[in-house]
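Worksheet: one structure, shown below.
Taken together, the values in this text are just the output of simple stated rules run on the coordinates, not laboratory data. Just so it is clear, the model here is predicted, and its values are computed rather than measured. Neighbour counts run over all protein chains shown; Cβ positions are idealised from the backbone, glycine included.
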6 protein chains.
Amino acid sequence: MKPTPTSRPELRTLLAFGAHPDDIEFGCGGVIAKETRAGRKARFVICSRGEAASHGTPAQRVVEAKKSARLLGATVEFIKLDGDAHLEVRVAHAIKLAAIIRRVRPGIVLAPSLVENQHPDHPRLGQLVRDACRLARFGGVKALRRVPAHAIEQLFYYAVTPEAEPPDITPVLIDVSAPDVLKAWIAAMQAHASQAASRNYVELQITRARLRGLRAGCGHAIALFPNDPLVLDSLAHAGRGARQF
Amino acid sequence: MKPTPTSRPELRTLLAFGAHPDDIEFGCGGVIAKETRAGRKARFVICSRGEAASHGTPAQRVVEAKKSARLLGATVEFIKLDGDAHLEVRVAHAIKLAAIIRRVRPGIVLAPSLVENQHPDHPRLGQLVRDACRLARFGGVKALRRVPAHAIEQLFYYAVTPEAEPPDITPVLIDVSAPDVLKAWIAAMQAHASQAASRNYVELQITRARLRGLRAGCGHAIALFPNDPLVLDSLAHAGRGARQF
Amino acid sequence: MKPTPTSRPELRTLLAFGAHPDDIEFGCGGVIAKETRAGRKARFVICSRGEAASHGTPAQRVVEAKKSARLLGATVEFIKLDGDAHLEVRVAHAIKLAAIIRRVRPGIVLAPSLVENQHPDHPRLGQLVRDACRLARFGGVKALRRVPAHAIEQLFYYAVTPEAEPPDITPVLIDVSAPDVLKAWIAAMQAHASQAASRNYVELQITRARLRGLRAGCGHAIALFPNDPLVLDSLAHAGRGARQF
Amino acid sequence: MKPTPTSRPELRTLLAFGAHPDDIEFGCGGVIAKETRAGRKARFVICSRGEAASHGTPAQRVVEAKKSARLLGATVEFIKLDGDAHLEVRVAHAIKLAAIIRRVRPGIVLAPSLVENQHPDHPRLGQLVRDACRLARFGGVKALRRVPAHAIEQLFYYAVTPEAEPPDITPVLIDVSAPDVLKAWIAAMQAHASQAASRNYVELQITRARLRGLRAGCGHAIALFPNDPLVLDSLAHAGRGARQF
Amino acid sequence: MKPTPTSRPELRTLLAFGAHPDDIEFGCGGVIAKETRAGRKARFVICSRGEAASHGTPAQRVVEAKKSARLLGATVEFIKLDGDAHLEVRVAHAIKLAAIIRRVRPGIVLAPSLVENQHPDHPRLGQLVRDACRLARFGGVKALRRVPAHAIEQLFYYAVTPEAEPPDITPVLIDVSAPDVLKAWIAAMQAHASQAASRNYVELQITRARLRGLRAGCGHAIALFPNDPLVLDSLAHAGRGARQF
Amino acid sequence: MKPTPTSRPELRTLLAFGAHPDDIEFGCGGVIAKETRAGRKARFVICSRGEAASHGTPAQRVVEAKKSARLLGATVEFIKLDGDAHLEVRVAHAIKLAAIIRRVRPGIVLAPSLVENQHPDHPRLGQLVRDACRLARFGGVKALRRVPAHAIEQLFYYAVTPEAEPPDITPVLIDVSAPDVLKAWIAAMQAHASQAASRNYVELQITRARLRGLRAGCGHAIALFPNDPLVLDSLAHAGRGARQF
């Protein structure tokens, strides 16, 4: 059941949560492209329609998000919590997200990081997802009883901007420099035309990934921050360290 | 060259450094047993003969270390730096260790952690090994020129006691609960009879590993602390998270 | 009023808060047994009946908690906040807890730690208790005016699992290795039969305490994390340091 | 052997190390006065004669230090390591200090904190003392064999200036506001006339202690930073928390 | 637009938020006096009338706050959120504060620090202000649309007590030792006669400022903690470092 | 003497220390260009000739460094400590650097950061410079007596690679996006042709500066890490905060 050096590990669904229609793509789109190209199913759950943003209407944002998800090989679902720029940490929200986790039954869950000093919706969604992963496992939560409990394999946080990178978690870096992966990621970010046009978002992310790639000895790389230490079957799976300079 | 889900990763030699004859075994012996049983070569470099310890003569300690290494499937080499309880951080020492790294050409290097509040020799050896891994890569160091430069894949720190665990590095946990692995580890620790007899060292380590195992959902586990973020080819290699409670 | 080397310090009541019927016992039951055996009164306030757990009915849980408290020499009181797995940080809750603090007038208060990455109810209750200790002192809070303000001596956090230990507070370790203390603690944990049966909870706690005991040079020890620095009348009260290896 | 609420704890000798003739007094002189007045023996070991200071000759400094120690009820001994402003971390120094520890056989040891950004001699002496406390326990260190090994009870760090306070250790605060204690401390600082005259050293320390006292609810208090968690026999010894505002 | 060595920087309004009528004055009143004396407009927004305090009626508190603001050269406005000791983190509050930011259009915003272990209202107001600064910039928040979006220059946190100082932000120190500045600050604190009379609040703050001044080489100084790194046009603006001892 | 809003601050010499011929340029060359263009004198002290590097001879490295310094408007001086890749922390070195500080009498000093996990020479030189800044102020150090003591204004650390950025110091960001500044910096890095040719060093630094610029709302920016909090005369000098996203 655990991966071994010779067997192909089971690729269970990846479930990514975003507070706004473009957060997943800007925060870790390259990882999604990498995973779907490797045969893993990916599913996005987006918790607002970006209705408080300076640019773009909710209708545009939904269209953009659907196009972007398609480019990354993912499916996308919109849910309503408190609305863009209005998210609060409520148990009712965490239970709603836990119900989705029980339904989708993912191996890997992605959520925005818990670092507070960013868009207020981001760390709050991160907290809700983290709590939801716990609630999804508890047998006795009444509102969740219709679907059997589910334990995920790992929760990773992504950081939409450098400020959101958790200083106290050692990240894992995913190499996203394969040309088709990088191309899909850029296209997915550009699909959010209402956002990408007005500011340097795409350049910010590609610059970040290039800086990590330069340090790690590959073209571009994206950091994910594990919620719990990785349990490895052996050091054969520990990859190489990011140390080029 | 990078591991992929279907190919067996190349298992390059593991090189472990210890300040005293029993440090590697007490700090991470179970990992050594796991790796050698998976077909990886392991080599120990021990930098004193334990001549300042309260129990055991240097001659006894060497015999014990050789027996212990054999039980773990590793070879062992003794070198002289400043002597037990006398180690200082000198560049000459780091160059000596770098020459060994160039000779052995390991993929993975293990060293005691850099946390200061333990046996003074431990963090100092950790610093020397970390520096040696850098020096082994520099083309122009005169004293090293006879052997070509070598870049390792990753440096991991082990912690001989809980106090030595680095609070600012997210560890990876290696599952060592396979019966033959656990048995080999215990036997290797007991082979250091002059040390194991007088105090609760073996119980300390097994209790630590059991506590980690209980948290990680396996029998026993050992934590290693990577010097650099892991670069992974995909999340298929990210294992599962340690979250049982 | 302050303890002096020759006088017996006044043993004011200990008030412990738990989010679920077994949290206090699993987190710091040995400390309770130690204190009550030394003549201190102990009182538990439990803020749910465990109704969201995978095992055990609320009715069973209450019976178990009462039996367990009795084994530890404590009295127990159940209150309702938002319900198991539904706790939110609301000022109304903090005021409710502050009213209890004013009524019980404890010297020492125990609460689950503020570390976020555990059962969502735990750190939230910790926050509520910390706030309640402040509110209990403020003269003008209308809802609390019927009972005179009360200032506690110290708030300590307990950690239900190792993940919940605050990394930034130096703990104090309480030696719980006296046979009757250890026995009472284990019995109290086992009294939560609906929980203890299904998983390794008791072993987890005893292993934790044994690991601390090995480091501190005693049989078993439990860590508590003070909310504020300890003010000591002299170093005669500073105990000994935990440094066995 | 362990302190109990009713017995008077055994007061073993306090051994304080200072890099310069006035460091102990400015860093924690009030604690010394408190302890000697409670019947504990105190001994100072000073590792230079202040020969690199801007003010005062070595001969003056020695006279001042002797007078100051007398005012605090302590004896004083001068040793030579590398000289003022020239201290390096050498094992030979740590062994020299370990020999003193074996000779004096203290319960409590005080040393300057390990925080790097202060007078370079301070953290280096702190490291040497910490290592010396370990070496004093190792049975096999040749240079120390003439005197039996000795394990201290606890090592505390003092901070000569606020910058030197370790941010990652929860301090214990010692109440030094008894009039005779405070008076002795001030007199001891003023005894270092060559230093106290030229700058605001005495005011700095009294202001620091007053600020801590205001927070802790007493007149003046001094913080000490334990190297290891305190092991307490019960919460009766945990004092009260520093929380006045 | 950016300050240059020769031009006088534009002094945009300073907007300070306080949870209670005296928080701004006790936390950073000297800075306000300094800034208004240099020609900057200052405006206080106070989010309760201190109705839960042990001393003083709401009516008294308002009178005191007005007098105190006048002494510091600031104007003052009272708003109602949840009431003293009842503040919760709600998006509706952040939007209310964001509307004020859009109306006042400040350059600098001051708020209580985010450190949790103080009066519960303080860090909550800090969070609300931080979020409000973000919301004030988002074009699409419906409730804010009547006034154009506004981006502040910098958010600084003040600490009402030493416990509230953020350990992970390097502060900037403002020299407040000019006699008229210091005098105005003390007068402003004393204007809160209902609070200042009963406890040592004024002494606490002056002792804090004196301790910082002693370290920084000036009479008195106050620390502010920037939410974001300072962007400087050149090192000519980096001031001098606080290093007197 | 202190800067005021209307007067031009005195621009005292900037003194930058580098362990290797290209460290200053790669770590903070843009800041040097900015400062010299504003009329400040800059002086480099380089402590090896890069003789252990994989590429370039010592003679080439010296020529490159002189050319590079000229492009940045700085003068350069080479000194010998232990040689490239051989640097140790010795007091004799710190005294040598302190003598240079007394001779040059700089306002601002720049040194490589103290973060350990980089080229071993970098943090060691950082420590030596930090200590040298202290020693330069002590009146009684014999070896320094020929030149009067000197107190610098501020010590800033630069980070040659992202790994070297101190996680616990809030940086100041210097805007280096003026075309002539950026061009001079790039030219200065390229002047180290033996290094720049073989690897992506120039791209690494420009990518880093661009990422910071994107966050700070300017083209490119470089972070410096102050050793001590900045003492500012008023908030008019606090610049703006780096918060673009």
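Return yes or no: is D:A85 within 12 Å of chain B (Cβ to nearest Cβ) and surrounded by 17 or more Cβ atoms within 10 Å (Cβ to Cβ)? So D:A85 does not fit the description; no. Say whether the condition of being closer than 16 Å to B:Q154 by Cα and aliphatic (A, V, I, L, M) is met by at least one residue in segment B:206-222. Looking for residues that are closer than 16 Å to B:Q154 by Cα and aliphatic (A, V, I, L, M), one finds none in segment B:206-222, hence no.
Filter segment B:46-68 for residues that are over 24 Å from D:K142 (Cβ atoms) and touching an Asp or Glu at 6+ places or on another chain (Cβ under 6 Å) and give the result.
B:S68, the sole residue that qualifies.
Taking segment B:170-228 as the range and being closer than 21 Å to B:L114 by Cβ and among the aromatic types (F, W, Y) as the test, only B:F225 passes.
Okay, residues lined up against (1) out of contact with any helix residue (DSSP H, G or I) (no Cβ under 9 Å at 6 or more places or on another chain); (2) more than 26 Å from F:L173 (Cβ to Cβ); (3) buried (at least 23 other Cβ atoms within 10 Å of the Cβ):
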{"residue": "E:I100", "(1), (2), (3)": "no, yes, no"}
{"residue": "E:R103", "(1), (2), (3)": "yes, yes, no"}
{"residue": "E:L110", "(1), (2), (3)": "no, no, yes"}
{"residue": "E:Y158", "(1), (2), (3)": "no, no, yes"}
{"residue": "E:P167", "(1), (2), (3)": "yes, no, no"}
{"residue": "E:L173", "(1), (2), (3)": "no, no, yes"}
{"residue": "E:V181", "(1), (2), (3)": "no, yes, yes"}
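Remark: E:P120 matches the filter, which requires a residue to be over 14 Å from the mean Cα position of the chain (by Cα), crowded, with 24+ Cβ neighbours inside 10 Å and free of Cβ contacts under 8 Å to residues at least 40 places away in the same chain.
Of all the numbered requirements in (1) closer than 30 Å to F:P162 by Cβ; (2) surrounded by fewer than 24 Cβ atoms within 10 Å (Cβ to Cβ), B:A223 misses one, and that requirement is (2). Only residues that are more than 7 Å from every other protein chain (Cβ to nearest Cβ), closer than 30 Å to F:G139 by Cβ and among the polar types (S, T, N, Q): list them for segment D:170-225, please. Within segment D:170-225, D:Q190, D:S194, D:Q195, D:S198, D:Q205 qualify. Condition test on F:E77, is it away from every other protein chain (no Cβ under 14 Å), under 25 Å from F:A184 (Cβ atoms) and crowded, with 23+ Cβ neighbours inside 10 Å? For F:E77, the condition - away from every other protein chain (no Cβ under 14 Å), under 25 Å from F:A184 (Cβ atoms) and crowded, with 23+ Cβ neighbours inside 10 Å - is not met. Of the residues in segment B:73-95, not one is closer than 30 Å to F:H119 by Cα and of a type in the set (S, T, N, Q). Scanning segment E:131-169 for residues that are assigned to a helix (DSSP H, G or I) and either within 14 Å of chain A (Cβ to nearest Cβ) or farther than 28 Å from E:H237 by Cα (or both) yields E:D131, E:A132, E:C133, E:R134, E:L135, E:K142, E:A143, E:L144, E:E163.
Condition check ((1) in contact (Cβ under 8 Å) with a residue 40 or more places away in the chain; (2) more than 17 Å from B:Q127 (Cβ to Cβ)) across all residues:
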position: B:P21; (1), (2): yes, yes
position: B:A38; (1), (2): no, yes
position: B:F44; (1), (2): no, yes
position: B:A52; (1), (2): no, yes
position: B:Q60; (1), (2): yes, yes
position: B:A74; (1), (2): yes, yes
position: B:L87; (1), (2): yes, no
position: B:A92; (1), (2): no, no
position: B:A98; (1), (2): yes, no
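Considering only residues in segment A:36-72 that are farther than 16 Å from A:L110 by Cα and in contact with a Ser or Thr (Cβ under 7 Å, 6 or more places away or on another chain), the one that is surrounded by the fewest Cβ atoms within 10 Å (Cβ to Cβ) turns out to be A:A38.
Does segment B:134-143 include one or more residues that are surrounded by fewer than 23 Cβ atoms within 10 Å (Cβ to Cβ) and among the aromatic types (F, W, Y)? Within segment B:134-143, one or more residues are surrounded by fewer than 23 Cβ atoms within 10 Å (Cβ to Cβ) and among the aromatic types (F, W, Y).
What do you reckon, is E:E203 closer than 22 Å to D:G217 by Cβ, charged (D, E, K, R) and in contact (Cβ under 8 Å) with a residue 24 or more places away in the chain?
When the stated conditions are applied, E:E203 does not pass them.
The strands (runs of 3 or more DSSP E) found wholly in segment A:170-236 and carrying at least 3 residues that are under 17 Å from the mean Cα position of the chain (by Cα) occupy A:172-175, A:221-226. Criterion first (surrounded by fewer than 23 Cβ atoms within 10 Å (Cβ to Cβ) and either out of contact with any Ser or Thr (no Cβ under 7 Å at 6 or more places or on another chain) or at positive phi (or both)) does A:A33 satisfy it? No; evaluated as a whole, the condition is false for this residue.
Give the residues of segment B:226-245 that are surrounded by fewer than 23 Cβ atoms within 10 Å (Cβ to Cβ) and either hydrophobic (A, V, I, L, M, F, W, C) or closer than 21 Å to B:I186 by Cα (or both), sorted by residue number. Within segment B:226-245, B:F245 is the sole residue that qualifies.
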